[in-house]
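A.B. asks: One structure coming up, written as structure tokens, with questions to follow.
Laboratory data are not the source of any read-out in this text; all were calculated from the coordinates shown. Not measured: the values here are computed from a predicted model. Please note: Cβ atoms are built from the backbone with ideal geometry, for glycine as well, and neighbour counts cover all protein chains shown.
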Amino acid sequence: MPQTAAKVAAAFGVPEARWKDARTDLVSAGTVLGDLPILFTKIDDDTVAAQVAKLGQKGHAASAVGASASDPSDPTTRDIMPAKDEITFDDFTKLDLRVGTVLECEKVPKADKLLKLTVDTGLDIRTVVSGIAEHFAPEDVVGRRVTLLINLAPRALRGIESQGMVLMASTDDGGLHFVTPEEGVAPGNVIS
């Protein structure tokens, strides 16, 4: 940028201009401007691809070259959270994901974001506290089939022991959606 500012200043006839010299009458009205050189060179797709290759992101960024920034269905144009660290199959098998049905739901007192859900897991009836109150009213949650992580260690939230976690999908605009099992499944069915 300093070199670019120097080029612009030279075109205005003030090649030695400094910030301390700035004023509205630095260039007189009617002054004929000099030739303005190209300030920034165009960056072509080959240059972008070469830089991406240097960064080791060949697949993701190279596919983004030339993509429309306004296409929300194109994952290369969206701000998506990067993938987490790789896990083993054994790590995955430790997760006990089950279908559950929300039997009751209420707001947690003095907590704007929390709802207390009573969920039928097929194995038992348990309490799960979820940070979804800004997106769902309690009456909209009752009766929903949900995907529930049932072997998450219990944790106290606002004095309520939460015994699992309801899986949600977050959208680019900050919205939340339940990860909902399809029809024909029942509480307790294992998700694998």
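A.B. asks: Which whole-number percent is the relative contact order of region 89-191 (Cα, under 8 Å, 6+ apart)?
C.D. replies: Reported as a whole number, the value is 31 percent.
A.B. asks: Another question, then. Just to be sure I understand the model, the point goes 7 Å from the Cα along the line to the Cβ. What's the resulting residue 190 to residue 23 distance in nm?
C.D. replies: Placing both labels 7 Å along Cα→Cβ, they lie 8.3 nm apart.
A.B. asks: Find the relative contact order for the chain and round it to a whole percent, using C-alpha pairs within less than 8 Å whose residues are 6+ positions apart.
C.D. replies: That works out to 16 percent.
A.B. asks: Can you tell me the dipole magnitude for the chain around its Cα centre, using point charges on the Cβ only (Lys, Arg +1; Asp, Glu -1), in Debye to the nearest 20?
C.D. replies: The dipole of the chain has a size of about 620 debye.
A.B. asks: Then there's this: For a test of understanding, tell me how many lysine pairs in the chain have Cα atoms under 27 Å apart, given they are 8 or more places apart or on different chains.
C.D. replies: So the count of such lysine pairs works out to 10.
A.B. asks: Taking 0.36 nm per intervening residue step and subtracting the Cα-Cα distance, what contour gain separates residue 118 from residue 46 on full extension?
C.D. replies: Result: 20.3 nm gained on full extension.
A.B. asks: Another question, then. Kindly provide the pair-distance distribution of the chain built from C-alpha pairs, with 5 Å bins from 0 and whole-percent values in order of increasing distance.
C.D. replies: With a bin width of 5 Å, the distribution comes to 1, 6, 10, 11, 10, 8, 8, 7, 7, 6, 5, 5, 5, 5, 4, 2, 0.
A.B. asks: So, in nm, how far is label residue 11 from label residue 160 when the simple model puts each one 7 Å beyond its Cα toward the Cβ?
C.D. replies: 6.2
A.B. asks: Can I ask one more? With a/c under 1.5 counting as rounded, go ahead and sort region 89-191 into rounded, prolate or oblate using the C-alpha gyration tensor (a ≥ b ≥ c being the square roots of the eigenvalues; past the cut-off, prolate if a/b is larger than b/c, else oblate).
C.D. replies: rounded
A.B. asks: Near residue 100, within a Cβ-to-Cβ distance under 11 Å, what is the net charge of the other residues, with Lys and Arg +1 and Asp and Glu -1?
C.D. replies: Neighbour charge sum, excluding residue 100 itself: +2.
A.B. asks: Picking from 83, 137, 156, which is most flexible by a Gaussian network model of the chain using Cα springs under 10 Å?
C.D. replies: Judging by the Gaussian network model, the answer is 83.
A.B. asks: Please give the contour-minus-distance gain from residue 85 to residue 35: 0.36 nm per residue of separation, less the Cα-Cα distance, rounded to one decimal in nm.
C.D. replies: 12.7 nm
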